[in-house]
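The values are calculated or read from the model by the stated rules, or taken from the named source; none is laboratory data. Note that the coordinates shown come from a computational prediction; the quantities given were computed from them, not determined experimentally. Only protein heavy atoms, including side chains, enter the accessible area calculation; ligands, DNA and RNA are left aside. Shrake-Rupley method; radii C 1.70, N 1.55, O 1.52, S 1.80 Å.
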Amino acid sequence: MVVLSFVTSPLMAIVLYAIAGMLWSLSRAAANGHLSTVVDSALIGRVQAFTTLLTAGLGALIFLLPTLFPNAIEAALYMASGVTILIIIALVGLWTRSLRYAGSLKS
């Protein structure tokens, strides 16, 4: 999304948006595959439903940003969305790393 904020060609924007959608779908499939290995089988439906709700909510928020901020430039909204996603990824990565480190200390 950050790269998309710098694109000025409509054709390139369409291509990048399509690539972003494909990468989103691939990452969701990979995440669901990982979830099936780490989540108890009795809870997998609930966990997948929650992750679907969470990602759909974030997607809807990104989609609605131009409506929520009508005077904002679309490139700025894409930049803000992309940076926010990168920050969330970094924070989740740090959180899971700290959980793994804490788990290794207990062993």
- Item | Probe 1.4 Å - accessible area at residue 38, Å² to nearest ten | 90 Å²
- Pairs of Cα atoms under 8 Å, at least six residues apart: use those to get the relative contact order of the chain, whole percent. 45 percent
- Query: Pick the calculated semi-axes √(5λ) of the Cα gyration tensor in Å for this structure from (1) 29, 17, 12; (2) 32, 17, 14; (3) 22, 14, 13?
  - Reply: (2)
